[in-house]
Structure formats: structure tokens, C-alpha cells
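Chemist: Pasting a structure here, questions to come.
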Amino acid sequence: MKRRKQQPPSADDCKAALLIIDMMNLFDFDGGATLAKSALACVPAIARLRRRFDAAAAPVIYINDNFAHWQGEFRDLLAQCNLAGGSSAKIAVALAPGASHYYVLKPKHSAFLCSPLSVLLAKLDVRRLVLTGISLDSCILATALDANMREFDLWVPKDAVGAISRDRKEKGLALIHASLAVDTRGTRAVEGVFPT
């Protein structure tokens, strides 16, 4: 009996995951106050996307820098943000992870570098990623490049990402769109969890 060759999954069969990158943040560095304003501005769009993903029972994954706190955990960072008050607490309260959400700590810019993200995405059968958070021209860009090399489909919604300046955000979006052919339309322009 001849075995049928297994076909790769169609675009409709590919599961998407929402990545919320570096939003749990103390902003205690040069330019942090400016970046905090940009991060706050994208909270409503990220929250809107998270509701869509939750309604679709699709994975939501918080990816955060460990800020060189090698013995800390994600929950420790969340608690620090709540205690810090200001923008850090506002974001932590608005985007606090739910019981069904995942979280991954990363040591550097890309969410893939020296983290278990690739293994988690494989276990979840995910081939599409929605990248949100900060900073667009650094951690989001590095993650997008790594995801592209791993052949993930990407969406980087322009209203769900922030950067330290408007110029850097616009240049980052233009680079991601032109170099990686990534959709950068905003969350209100796309229905569902991923552009079709």
C-alpha cells in the first residue's frame, strides 16, 4: 500500500501566536521615560489583540528581557513593575497575563536568542507570529529578523509597537515592511488574529 505524501499545512491551517515583547519594564534607563510614553500609547491596541487571541483560544506569549537579573523570574518582574508605580504599573495592570498565557525571559534583544521560544512555538504548532511591544527598532526588529530566518509568517501592527521616537518607529516599520515583506497595518485594519 502506497503512503500518501504529507502536504505542508495551508495558510489557513497555520496557528498564530501573539508575542508581547518587553512591555513589563521599569524604564529605569536613559530615554526610559520617553519610551514609557510610547509603550503606554500602544497598550490599547495590544489589549485589543490579546482579547481576540483569547477568544480564539490562540496562544499569547509574553517575552521579556531579564535585565541581567539571572535569578529572577517573570512574576518577579511583574511585581517590581506594580511596585514602581507610574507607567510601569499602569502597563503591568492593563496587560497582566492571564492563567492561560505563556511567558519567556530572554537575555538579549531577540526573543529567540538563548530562549526556549522556538521549542514552545513548535510544541504549540505555531507558524505565524504577531509581534507587539517595544522597542520596534531594537527588540521587535531583532525578533522579526530571527523569525523570518525561521520561516514564520509575521504581522507587526503599527499601532501595537512603540519606539523611543516617532522617527525611529517610522524607519523601523519601513525597514520591516520593505526588507521582510511584513504586513504592518494597524489592529483595526485586520480582523481576526492574523491578516489573510
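Chemist: Taking into account only those residues within the range 119-139 that are at negative phi and among the small types (Gly, Ala, Ser), which is least open to solvent (accessible area, probe 1.4 Å)? Can you show your working first?
Modeler: Taking the range 119-139 as the starting set, the residues that turn out to be at negative phi are 119-124, 126-132, 134-139.
Going one step further and asking which of them are among the small types (Gly, Ala, Ser), we end up with 122, 135, 138.
Working: ALA122: 69, SER135: 19, SER138: 40 Å².
If we take residues in the range 119-139 being at negative phi and among the small types (Gly, Ala, Ser), then SER135 is least open to solvent (accessible area, probe 1.4 Å).
Chemist: For PHE29, state whether it is buried (at least 19 other Cβ atoms within 10 Å of the Cβ), free of Cβ contacts under 8 Å to residues at least 40 places away in the same chain and out of contact with any strand residue (DSSP E or B) (no Cβ under 7 Å at 6 or more places or on another chain).
Modeler: no
Chemist: Among the strands (runs of 3 or more DSSP E) contained in the range 87-196, which hold 1 or more residues that are over 16 Å from ILE20 (Cβ atoms)?
Modeler: Working: elements: 102-106, 126-134, 153-155.
Result: 126-134, 153-155.
Chemist: Related question: Would you be able to say whether some residue in the range 140-153 is open to solvent by less than 20 Å² (accessible area, probe 1.4 Å), in contact (Cβ under 8 Å) with a residue 12 or more places away in the chain and touching a helix residue (DSSP H, G or I) at 6+ places or on another chain (Cβ under 6 Å)?
Modeler: yes
Chemist: For the subset of the range 179-195 comprising residues that are touching a residue at least 24 places away in the same chain (Cβ under 8 Å) and open to solvent by 80 Å² or more (accessible area, probe 1.4 Å), which member is nearest to LEU154 (Cα to Cα)?
Modeler: Selected residue: ARG185.
The values are calculated or read from the model by the stated rules, or taken from the named source; none is laboratory data. No experiment lies behind these values; they were computed from the predicted model shown. As a convention, Cβ positions derive from the backbone with ideal geometry for all residues, glycine included, and neighbour counts pool all protein chains shown. SASA here: full protein model, heavy atoms, side chains in, ligands and nucleic acids out. Shrake-Rupley method; radii C 1.70, N 1.55, O 1.52, S 1.80 Å.
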